[in-house]
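Read the structure below first, then the notes.
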Amino acid sequence: MVRTPLTPWERHRGERLGELLRTARGERSMVDVAARAGLSAETLRKIETGRAPTPAFFTISALANTLGLSMDVLAEACVEGLGDPEAEIPLSA
């Protein structure tokens, strides 16, 4: 099964998610947060750097719970300021 390429909007949303999680992690180590969420540090690193822009729901749920974040607030913050998903986002954004 061939995976459909992500749109620029989807990639940008994934980068935003990574930024939010990295900020929420603060001074805590990546290894500690990942372990508490039941993930590998490599998975968390990929999410935080935007290299895994569409992580699984339960992965994000575990991270949100570990970091004390609301899923609703996290979801809204990921798309805040991105505008219409049908509109093109410049690749340099």
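Every number here is computed from the coordinates shown, using simple stated rules; none is lab data. As the structure is a computational prediction, the values presented were derived from the model and not from experiment. Glycine gets a Cβ as well: all are built from the backbone with ideal geometry, and neighbour counts include every protein chain shown.
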Which ones in segment 1-27 are in contact (Cβ under 8 Å) with a residue 60 or more places away in the chain, of a type in the set (A, V, I, L, M, F, W, C) and over 17 Å from Asn65 (Cα atoms)? Trp9
Only listed residue being assigned to a helix (DSSP H, G or I), under 19 Å from Arg3 (Cβ atoms) and either touching a strand residue (DSSP E or B) at 6+ places or on another chain (Cβ under 9 Å) or not charged (D, E, K, R) (or both), chosen from Thr59, Thr66: Thr59
Looking only at segment 40-52, count how many residues are surrounded by 18 or more Cβ atoms within 10 Å (Cβ to Cβ) and in contact (Cβ under 8 Å) with a residue 24 or more places away in the chain. 3
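A quick yes/no check of all residues on (1) part of a loop (DSSP other than H, G, I, E, B); (2) within 18 Å of Leu74 (Cβ to Cβ):
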residue	(1), (2)
Gly14	no, yes
Leu17	no, yes
Thr23	no, yes
Arg28	yes, yes
Arg36	no, yes
Thr43	no, yes
Arg51	yes, no
Pro55	yes, yes
